[in-house]
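First up is the structure itself, then whatever we jot down about it.
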Amino acid sequence: MIPPLEAVIATAPFTLRREVRWSDCDPAGVVFTGKFSEYVLSATSLFRRHILGPRWGEVGRTLGIDTPAKALSLVFQGPLWPEDLTDITVWVGDVRTRTFDMLLQAVRADTGAPVFMARLTTICISATDRMASMPWPDAYRAPFAAYRDRHAAPDALNNLGP
C-alpha cells in the first residue's frame, strides 16, 4: 500500500506528517522554494478542519465571511529531498479583531532538524463585499483562541517577522 502524501499524527499540538515527492523538487533534487507555501497552506487547511470540523468552509459561508490569507512569512532552516518526511506543527498566534496568525514549525521526522518556520495571517472579510474586512464572529474566533490558550506556541515562532 502506498502511504498517504500527508497524515495527521497528533492533535495536541496539531501535527501533520508530509512526504516529499519528486514533483516537489527542482532539477537539483531539493524541494523547490515555492512548494513550502503549499505545505503551509495544506497544513493550515487541515488544522482548520480539526478546529472547526470537516466542513469548515461552510462555517464561514453560514457566518457570511471569507478567510483569505493576508500575509505569509517563511524562514528556511534546512533542505528536504524526495521521500523525506517532515512533521509540520501548527499553533495559533495572535487573535486580533480582524486577523489572526497561524504559526508553523516544520522539522525532519527522522532527526528533528529544523526545516522551516512560518506565519500565515488570515483576515476576516465579508462574503458579499470582499473588499471589506470585518471583525471575526465569536463562533469562528473562540475555537482558535481556546486552542491557543491550551497550546502555547514556541517563543521563536511568536517573534517571526511580519
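Please treat every number below as a calculation from the coordinates, not as lab data. Note that this is a predicted model, so its numbers are computed, not measured. Cβ atoms come from the backbone with ideal geometry, glycine included; neighbour counts cover every protein chain shown.
Is it the case, given these coordinates, that Gly78 is of a type in the set (Gly, Ala, Ser), surrounded by 17 or more Cβ atoms within 10 Å (Cβ to Cβ) and not in a strand (DSSP E or B)? No: the conditions fail for Gly78. Mind checking whether some residue in segment 86-108 is surrounded by 16 or more Cβ atoms within 10 Å (Cβ to Cβ) and part of a loop (DSSP other than H, G, I, E, B)? So far as segment 86-108 goes, no, none of its residues is surrounded by 16 or more Cβ atoms within 10 Å (Cβ to Cβ) and part of a loop (DSSP other than H, G, I, E, B). Filter segment 7-44 for residues that are surrounded by 17 or more Cβ atoms within 10 Å (Cβ to Cβ) and in contact with a Lys or Arg (Cβ under 7 Å, 6 or more places away or on another chain); which is nearest to Ala118 (Cα to Cα)? Among them, the one singled out is Tyr39. One residue stands out in segment 109-141 among those that are closer than 23 Å to Thr89 by Cβ, of a type in the set (A, V, I, L, M) and over 17 Å from the mean Cα position of the chain (by Cα): the one that is surrounded by the most Cβ atoms within 10 Å (Cβ to Cβ), namely Ala109. Kindly indicate the residue of segment 9-43 that is over 18 Å from Arg108 (Cβ atoms) and part of a strand (DSSP E or B) and also farthest from the chain's Cα centre (by Cα) among those meeting that condition. It comes out as Thr11. Scanning segment 75-123 for residues that are of a type in the set (A, V, I, L, M), free of Cβ contacts under 8 Å to residues at least 40 places away in the same chain and under 19 Å from Ser42 (Cβ atoms) yields Val107, Val115. The single condition among (1) surrounded by fewer than 18 Cβ atoms within 10 Å (Cβ to Cβ); (2) of a type outside the set (Phe, Trp, Tyr); (3) closer than 28 Å to Ala132 by Cβ; (4) in contact (Cβ under 8 Å) with a residue 12 or more places away in the chain that Gly57 does not satisfy is (4).
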